[in-house]
Amino acid sequence: MSNIIENIEIYGQYVDQVNSCSQHVDEQGRINQMTFSPESPFNELPRLPPAKEVETRPILKQCIIARAALAELKQAGELIPNPAMLVNTLPLLEAQASSEIENIVTTADQLFQYASYRG
């Protein structure tokens, strides 16, 4: 019973945090409650396109490094005989993790053996 009470108290703290996130401080230091309306945008968002330069020299240098890293990753992915196998394992591992919540425990080996048997 004490675990239930502790969980309720923790949940209440999360609710309080979410409620406090819906407040913002204006220029005069006053806390205002933000209201959400899907029909109207938040007025304090900056206008697009941004006024300052986005593509600065340091950012472009980092883009070159990132592009080289992605090219290496693509090349490594092409060496795998069946690249879809990597993507197809994600739902299986997620199913294994969610089954453990329901106290159904299996090993990754058993899971992949069953998946290859069915496939």
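Can you compute the label reach from residue 115? Point 7 Å from Cα along the Cβ direction, backbone N cut-off under 13 Å, restricted to segment 72-104.
It comes to 83-98, nothing else.
Run the numbers for residue 103 and residue 90: contour at 0.36 nm per residue of separation, minus the present Cα-Cα distance, in nm.
Working it through step by step, the gained length comes to 2.7 nm.
Of the GluC sites (Glu not before Pro) in segment 48-106, which ones lie in a loop per DSSP and count no more than 16 other C-beta atoms within 10 Å?
Those that pass, being in a loop and sparsely packed, are 53, 55, 102.
Could you give the alpha-carbon Rg of segment 53-119 over 2.2 N^0.38 Å, rounded to two decimals?
1.77
Summarise the accessible area of segment 36-119 (1.4 Å probe, protein heavy atoms) by the percent that is carbon and sulfur.
Numbers: 5060 of 8160 Å².
Ligands and nucleic acids excluded, carbon and sulfur give 62 percent.
The values are calculated or read from the model by the stated rules, or taken from the named source; none is laboratory data. As the structure is a computational prediction, the values presented were derived from the model and not from experiment. No Cβ is skipped: glycine too gets one built from the backbone with ideal geometry, and neighbour counts run over all protein chains shown. Note: areas computed on protein heavy atoms with side chains; ligands, DNA, RNA excluded. Shrake-Rupley method; radii C 1.70, N 1.55, O 1.52, S 1.80 Å.
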